[in-house]
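Any read-out appearing in this document is the output of simple, stated calculations on the displayed coordinates, not a laboratory observation. Treat the numbers as computed from the prediction; the structure is a model and nothing was measured. Backbone-built Cβ (ideal geometry, glycine too); neighbour counts: all protein chains shown.
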Amino acid sequence: MEFFNQFMIAPDAQHLLLLRYLLVITLLIHVPYMAMAVGCTSLSLALNLVDRDRKVKTTPMLGRLAYDLMRIAVPNRVVPVLFGMLPLAALWMIYGQWLYQSSVNTMNLFPAGVFVIAAGLLAAFMYKGTMYPGGQNRIVNLALGMAAVGTLIVGTYIVIGSVVRFQDPERWHMTHDPIRTLTSFNIIWKHLFFVMSGFAMAGCGILYFFFDSSRRKPVMDPAYMKIAKNVGAALAMKGVLVLPVLGFFYMVTTPILAMSTEVYSVAIAALIVLFIIFVLLYLVLASPTPRFGRLTFILLVVVFLLTGVWDQMTLVNATKEHSAMLVSRAEAREAKSKLEREKLGTDALKIDLALGENVFNTVCSTCHKMDERVVGPPLNTVLPKYAGKYDELVSYIQSPSKKDPEYPPMPAPSVNLLEIKSVAAFLLGQDPGTLQGGGGGSGH
Amino acid sequence: MKKFLGIPAGLGYFGMFAAIYLTMQWDWSSHKSPPHQPIAFSHKIHATTVGLECTFCHDLADKSTFAGIPPVEKCMSCHKNVKTESPEIQKLAGYWEREEPMEWNRVHRIRIREHVFFSHKRHVKKGITCQQCHGLVQYMDEVRRVSSLEMGWCVGCHQENGASTDCLTCHQ
């Protein structure tokens with residue numbers, strides 16, 4: 001993390017809260033697209049491989065579907081950058097801020113995964129470019145397709161793996177070995193979940209973009225339409241049916257401390273939406289014409305929203321103490337800079353015995369009495385040390401150091417410099433008049 | 001009508017998973033979530049706000065097998081005077097007056113303790129921090145288990161630190 005931490009600023013409580021929302025939004029932009037790109041490219045390659053129509057010079061139905069799938073996956077140059085690469089860069093920043101100064105090292109693997117994904121999207125683009133109807137060299141085309149599918153699968157595995165690692169603090173210390181970092185059933189199930197949701201997304205993508213979107217083509221060959229509808233709905237159906245199983249194994253392998261009752265509730269909500277999609281897809285398969293394209297597509301995006309919330313929750317649960325630490329440090333920083341800001345003006349401010357008494361009664365009395373041991377020593381026994389050493393007492397209260405092994409250390413109280421000076425004057429019975437101006441005000 | 005038989009079948013399928021997920025949720029909240037304690041004792045208050053050392057309370061950690069949970073007297077050495085108006089502290093004082101030991105719920109327990117030799121002393125003396133094994137306890141309000149305490153976890157760290165991984169080190 002050291003390398004990475006240089007680019008990050010230490011977050012505070014509001015900052016962390018903001019990061020949580022940003023995470024869900026970024027995941028919602030990125031994951032459905034990325035899953036669909038993986039699903040469409042894999043399906044396109046599979047269809048391309050089994051496409052026997054090509055030899056019989058009739059309408060190459062499957063080849064055409066393979067091509068149309070790639071038009072969903074990488075429609076142009078802008079979409080993969082906008083939905084693929086940019087959100088990944090944002091995720092890198094979000095996770096880096098969230099885990100600021102933690103011992104987890106997988107933020108170094110994350111960019112490696114991003115590069116592989118970039119290569120995969122590029123290969124997918126070239127695969128599309130060399131396809132039917134324009135493409136001549138089938139071998140080059142198939143090789144590009146395989147390269148695209150392979151790199152996309154590997155790249156998403158690395159990215160998912162490095163992120164899933166965050167929810168497993170017990171293994172953070174192992175993260176200097178990339179192979180050991182990335183071998184875990186938890187990661188494997190999560191990645192399978194992602195790929196299968198990608199197939200569901202590709203299936204629903206066919207139903208939506210071919211038949212229900214505003215961009216749909218006015219005329220479509222009925223035979224082709226039937227094939228596309230059936231392939232799309234059947235594929236989406238398989239994805240929807242297998243997701244509950246993968247979700248189950250993913251939850252079983254998630255570390256206990258990343259879970260909470262809310263996570264299970266979100267998973268059950270996702271299950272209900274999946275059931276609705278199932279019913280719709282069933283009706284699509286049973287009817288001769290394509291229907292519900294837009295609805296199933298939107299509902300599937302809702303499932304992605306729920307899994308994004310789920311990921312956010314497990315991360316919050318797993319990093320609870322780490323976040324508490326960041327917040328507590330931010331508060332300490334804030335208190336310190338407040339103190340320093342005030343220090344500039346204090347010499348002119350009035351040191352006030354009444355204020356000192358008030359501070360003593362509200363702050364110090366938690367731990368001190370004059371004649372009795374509480375948390376700290378009875379002040380009657382320690383104050384004589386400070387007789388005539390007003391400045392020393394002020395600087396001790398400002399930043400206490402270890403004194404007596406009989407007692408625990410005194411934490412720095414959260415009071416400002418004027419209050420410290422006033423309470424010190426009150427305790428030493430000093431006349432505030434003698435402390436005004438230069439002399440006593442110089443603190444340290 | 002036969003055409004629509006798939007919908008009840010799907011309802012059964014997804015219903016079964018909903019039941020499984022609900023069971024897992026129940027199992028988590030009743031068996032796996034961190035236990036609640038009889039008194040809302042917070043490590044965050046004592047170890048971070050008040051700034052106490054871990055061994056101030058767990059004074060056996062560098063001397064014996066067990067780290068030990070502090071007795072009520074230790075709490076009362078401060079709480080006779082601190083926060084006496086708080087209902088939680090009054091509960092604490094109740095235990096002290098009745099001379100009743102506090103029944104803290106255990107968070108860490110090696111599952112087959114009788115077959116495993118584990119000692120705090122050996123590890124703490126070597127300079128391994130409490131946090132390496134227990135997580136950032138000083139930022140927890142309620143203690144939860146961060147490490148699994150399974151064999152793979154012990155052995156993993158022993159390998160990294162060149163400590164013995166012989167079976168007889170831990171199983172006698």
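With 0.36 nm allotted per residue and the present C-alpha distance subtracted, the A:Met85-A:Ile227 stretch has 47.9 nm of extension available. From helices alone, the protein assembly as shown scores -19000 deg cm²/dmol at 222 nm; the rule is -39500 (n - 2.57) for each run of n ≥ 4 DSSP H residues, then divide by the residue total.
Each peptide in A:186-192, A:373-379 receives the mean, over its residues, of other Cβ atoms within 10 Å, and ordering these scores from highest gives A:186-192, A:373-379. Could you give the angle, 0 to 90 degrees to the nearest 10, between helix A:13-50's Cα long axis and the longest principal axis of the Cα atoms of chain A? Helix A:13-50 and the main axis of chain A meet at about 20 degrees. Based on Cα contacts under 8 Å between residues 6+ apart, the range A:2-332 shows a relative contact order of 23 percent. What FRET efficiency, computed as 1/(1 + (r/R0)^6) with R0 = 41 Å and r the Cβ-Cβ distance, is obtained for B:Glu99 and B:Asp141, rounded to the nearest 0.05? Efficiency, from the Cβ-Cβ distance: 0.90. If you plug the beta carbon distance of A:Asn108 and B:Phe66 into 1/(1 + (r/R0)^6) with R0 = 56 Å, you get a FRET efficiency near 0.90. Peptide packing for B:138-148, A:38-48 was compared via the average number of neighbouring C-beta atoms within 10 Å per residue; ordered from the highest value, the list is A:38-48, B:138-148. Report note on the peptides A:403-412, A:94-103: ranked by the mean count of other C-beta atoms within 10 Å, highest first, their order is A:94-103, A:403-412. Figure legend: label point modelled 7 angstrom from the Cα of A:Thr253 along Cα→Cβ; no residues of the range A:311-333 have amide N under 14 Å from it.
If R0 is 56 Å, the Cβ-Cβ spacing of A:Ser401 and B:Trp26 corresponds to a FRET efficiency of close to 0.65. Across peptide A:285-293, the mean count of Cβ atoms from other chains lying within 10 Å of each residue's own Cβ comes to 1.
Relative to the longest principal axis of the Cα atoms of chain A, helix A:86-98 runs at roughly 30 degrees. Can you give me the angle between helix A:185-205 and the longest principal axis of chain A, using Cα atoms only, in degrees from 0 to 90, rounded to the nearest 10? The angle comes out near 50 degrees. Note on B:53-60: average number of Cβ atoms from other chains within 10 Å of each residue's Cβ is 1. From least to most packed, judged by other beta carbons within 10 angstrom and beginning with the fewest, A:Ile72, A:Ile298 follow the order A:Ile298, A:Ile72. For the peptide A:268-274, the mean number of other protein chain Cβ atoms found within 10 angstrom of a residue's Cβ is 3. With springs connecting C-alpha atoms under 10 Å apart, model chain A as a Gaussian network and identify which of A:Ala35, A:Ala269, A:Ala228 has the largest mean-square fluctuation. Most flexible of the set in this elastic network: A:Ala269. When the charge dipole of the protein assembly as shown is built from unit charges on Cβ atoms (+1 for Lys and Arg, -1 for Asp and Glu) and taken about the Cα centre, the candidate among A:Val242, A:Gly308, A:Ala332 whose Cα reaches farthest toward its positive end is A:Val242.
Given axes a ≥ b ≥ c from the Cα gyration tensor, I'd like to know whether the range A:2-332 is rounded (a/c under 1.5), prolate (a/b larger than b/c) or oblate. It comes out prolate by the Cα gyration axes. Measuring against 18 Å, Cα to Cα, the residue pairs A:Lys128/A:Lys238; A:Lys320/B:Lys44; A:Lys336/A:Lys385; A:Lys421/B:Lys80 contain A:Lys128/A:Lys238; A:Lys336/A:Lys385; A:Lys421/B:Lys80 as the ones spanning a longer distance.
Short-range pairs are left out: with C-alpha atoms under 8 Å and at least six residues apart, the relative contact order of the range A:349-434 is 41 percent. Tell me whether chain B comes out rounded, prolate or oblate; compute the Cα gyration tensor, take square roots of the eigenvalues as a ≥ b ≥ c, and use a/c under 1.5 as the rounded threshold. It is oblate, given that a/c is not under 1.5 and a/b is not larger than b/c. Here each label is just a point 7 Å from Cα along the line to Cβ, and for A:Tyr21 and B:Ile128 those points are 4.3 nm apart.
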